[in-house]
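K.L.:
What follows is a structure written as structure tokens; I'll ask about it next.
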């Protein structure tokens, strides 16, 4: 198995192998969409499959992802229905799976079963936009990204990356979310705006 050390390797492999004679080559665009998705709502299984799922409210966004990544997927997006056993509330979402070539990516983005943001890792504007579309929010003049699942170290790595790459000033709020400071919001939205899907346009100024 090809292993990647999260704290030492800056870039991910774009040629992935499942068996000796089976390989998958990712385009740069596919890689960036996947990186943003994994930092956001995506999940990589132990076997190296990637699950991408969004609420039925965002079905067009999920199908946009599928259109970009269908060469890596197996099957079509499917409807998922869940019922909250406590309240009886019903929830609907759509999801699809990517083939199990992504074990090296799991080794890169997970440490002891916890998702991390590796030190020195860089994001393209497209990857940043996808991450924000997945996990970002703009409300009451505040722009935040849900980073509460990341460790303090990973949050610092994210802040360092945003400052170094994009000159964006940020801080971590008491609830664990990363906030783009008001003086950097216009710059942030200018960076991601060309890549924001119409379904998610309400999240930007």
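The values are calculated or read from the model by the stated rules, or taken from the named source; none is laboratory data. Every value quoted in this text rests on a predicted model; they were computed, and no experiment measured them. All Cβ positions, even for glycine, are placed from backbone atoms using ideal geometry, and neighbour counts span all protein chains on display.
K.L.:
With the checklist (1) buried (at least 20 other Cβ atoms within 10 Å of the Cβ); (2) in contact with a helix residue (DSSP H, G or I) (Cβ under 6 Å, 6 or more places away or on another chain) in hand, flag the one item residue 60 doesn't pass.
P.N.:
(1)
K.L.:
Right, something else. Please verify whether residue 106 is in contact (Cβ under 8 Å) with a residue 60 or more places away in the chain, surrounded by 13 or more Cβ atoms within 10 Å (Cβ to Cβ) and assigned by TED's automatic domain parsing to the domain that holds residue 38, treating the condition exactly as stated.
P.N.:
Against the criterion (in contact (Cβ under 8 Å) with a residue 60 or more places away in the chain, surrounded by 13 or more Cβ atoms within 10 Å (Cβ to Cβ) and assigned by TED's automatic domain parsing to the domain that holds residue 38), residue 106 qualifies.
K.L.:
Ok, one more. Among (1) assigned to a loop (DSSP other than H, G, I, E, B); (2) in contact with a helix residue (DSSP H, G or I) (Cβ under 6 Å, 6 or more places away or on another chain); (3) more than 19 Å from residue 197 (Cβ to Cβ), where does residue 92 come up short?
P.N.:
In the conditions (1) assigned to a loop (DSSP other than H, G, I, E, B); (2) in contact with a helix residue (DSSP H, G or I) (Cβ under 6 Å, 6 or more places away or on another chain); (3) more than 19 Å from residue 197 (Cβ to Cβ), residue 92 misses (1) alone.
K.L.:
Taking into account only those residues within region 40-57 that are surrounded by 13 or more Cβ atoms within 10 Å (Cβ to Cβ) and out of contact with any helix residue (DSSP H, G or I) (no Cβ under 8 Å at 6 or more places or on another chain), which is farthest from residue 177 (Cα to Cα)? Break it down into steps so the answer makes sense when it comes.
P.N.:
Quick first cut of region 40-57, residues surrounded by 13 or more Cβ atoms within 10 Å (Cβ to Cβ) only: 40-45, 48-56.
This time we only want the ones that are out of contact with any helix residue (DSSP H, G or I) (no Cβ under 8 Å at 6 or more places or on another chain), so: 43, 49, 51, 55-56.
Numbers: 43: 19, 49: 27, 51: 23, 55: 21, 56: 25 Å.
This residue is 49.
K.L.:
Conditions first: (1) without any contact (Cβ under 8 Å) to a residue 24 or more places away in the chain; (2) closer than 26 Å to residue 61 by Cα; (3) under 17 Å from the mean Cα position of the chain (by Cα). Residue 190 passes all but one, so which condition is the exception?
P.N.:
(3)
K.L.:
Mind listing whichever residues of region 167-190 are buried (at least 19 other Cβ atoms within 10 Å of the Cβ) and in contact with a helix residue (DSSP H, G or I) (Cβ under 8 Å, 6 or more places away or on another chain)?
P.N.:
168, 170, 178, 180, 188
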